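Before any comments, here is the structure.
All of the numbers you see were taken from the coordinates with simple rules; none came from a lab. If you're wondering where the values come from, they're calculated on a predicted model, not measured in any experiment. Neighbour counts are summed over all protein chains in view; Cβ atoms, including those assigned to glycine, are modelled from backbone coordinates with ideal geometry.
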Amino acid sequence: RALRCLLGYLAVVVVAEIEDGVGVPVGPSGATGPILKPQSFDAVTRFENELAEFYGAKHAIATDCATHAIELSLRYLRESGALALDTVVEIPKRTYISIPFLGEKLNMSWAWKDEN
C-alpha cells in the first residue's frame, strides 16, 4: 500500500468558499475579486476517508504537494523496514529538483537513472 501511495499520490488543495456577489479590491488595477471565507479541514478529512474507503485502506493522507507525499511514503517505508537503510533509490534525471534534495534531506543513498 505504501508503494501504491508513493506512485499514485494525490496533492490536495483546499479551496475556500466564495461568498456570492461580494467583491474586494485585489491587485494594483483595483479589480474586484470574491471574498474568501475561512475553510475548515472537514472537507479534507471527508476526502481522505472516502479515498481510503475507495482503495480499501485503513488511512489516506492528503498532502500539499507531490514532494511531501513522496517524503511521507519514504519515511513510512524506512520506519516499517520495507526499505532497507542501505537501499540506493534511483531518481530519473528528468524530474523536479526537489526530489534529489529530498534524498539528501532524508540522508538516503540515491543515484540518477537514465530514462530512454
> Across region 107-116, in residue order, what do the Karplus-derived ³J(HN,Hα) couplings come to in whole Hz, using 6.51 cos²θ - 1.76 cosθ + 1.60 with θ = phi - 60° and x for Gly and Pro?
Replying inline: 6, 9, 7, 9, 9, 6, 10, 6, 10, 10
> For the peptides 68-78, 103-113, what is the packing order when you average, over each peptide's residues, the other Cβ atoms within 10 Å and list the highest mean first?
Replying inline: 68-78, 103-113
